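Structure, as structure tokens:
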Amino acid sequence: MADRLDQPKESRRTFIPRPQMDQDAVGRATEAIARFLGTPRFLIYLTVFCALWLVWNVWAPESLRFDSATNGFTALTLMLSLQASYAAPLILLAQNRQDDRDRVTAEQDRQRAERNLADTEYLAREMAALRIALGEVATRDFVRSELRNLLEELEDKEPGRGRDLPS
């Protein structure tokens, strides 16, 4: 049975079994290598390596030299080409993984922004409802003024009462 239901089962039989690799582990390794390739430390190591190679193959005894200057240091050129041919795909793999992470982060940011907008709109509606409700609520000063008005009306109707009471 296939590992995943959305992919067909492999029906081919091979004499050499395919190695099963953890894609995440491979991705982490490629990112680590690509991260190292972009450092000043790597450039210094590569420069020292090339300088030592050139010094050895120019000034070492003729019998110990392994890359001839007359051939344009062919072995060094091949070594650097091999390094570059592996570095380019590793860097592309690391960039693809970073693009995937950026895409997921952007989607999460978009969802978070939508939630924040919905929350803000809800709070704005609630604030508007509270303002409307507070506009209809009697304040302390309003109630006091109404009570004073009522007391004055009562005193006007009964003039002998209230002012003439003994202390």
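The values are calculated or read from the model by the stated rules, or taken from the named source; none is laboratory data. What you see is a predicted model; the values in this text were computed from it and never measured. As a convention, Cβ positions derive from the backbone with ideal geometry for all residues, glycine included, and neighbour counts pool all protein chains shown.
Some points to look at:
- Criterion: closer than 19 Å to Leu92 by Cα and either of a type in the set (Asp, Glu) or at pLDDT 90 or above (or both) - qualifying residue of Phe73, Phe49, Phe36: Phe36
- Which listed residue, of Leu78, Leu93, is under 30 Å from Glu31 (Cα atoms), in contact with a helix residue (DSSP H, G or I) (Cβ under 6 Å, 6 or more places away or on another chain) and surrounded by 10 or more Cβ atoms within 10 Å (Cβ to Cβ): Leu93
- Pair list, Cβ under 7 Å, 6 or more apart: the range 24-52 residue within 16 Å of Asp100 (Cα to Cα) and surrounded by 12 or more Cβ atoms within 10 Å (Cβ to Cβ), other residue among the aliphatic types (A, V, I, L, M) and at pLDDT 90 or above: Gly27/Leu93; Thr30/Leu90; Thr30/Leu93; Thr30/Ala94; Glu31/Ala94
- For beta carbons closer than 7 Å, sequence separation of 6+ or different chains, a first residue in the range 101-114 that is of a type in the set (Ser, Thr, Tyr) and modelled with pLDDT under 95 and a second that is surrounded by 10 or more Cβ atoms within 10 Å (Cβ to Cβ) and in a helix (DSSP H, G or I), there are no qualifying pairs.
- Candidate set: the range 55-103, residues that are in a helix (DSSP H, G or I) and among the small types (Gly, Ala, Ser); chosen: the one nearest to the chain's Cα centre (by Cα): Ala94
- Where Gln83 falls short, out of the listed (1) polar (S, T, N, Q); (2) surrounded by 10 or more Cβ atoms within 10 Å (Cβ to Cβ); (3) farther than 30 Å from Gln23 by Cβ: (3)
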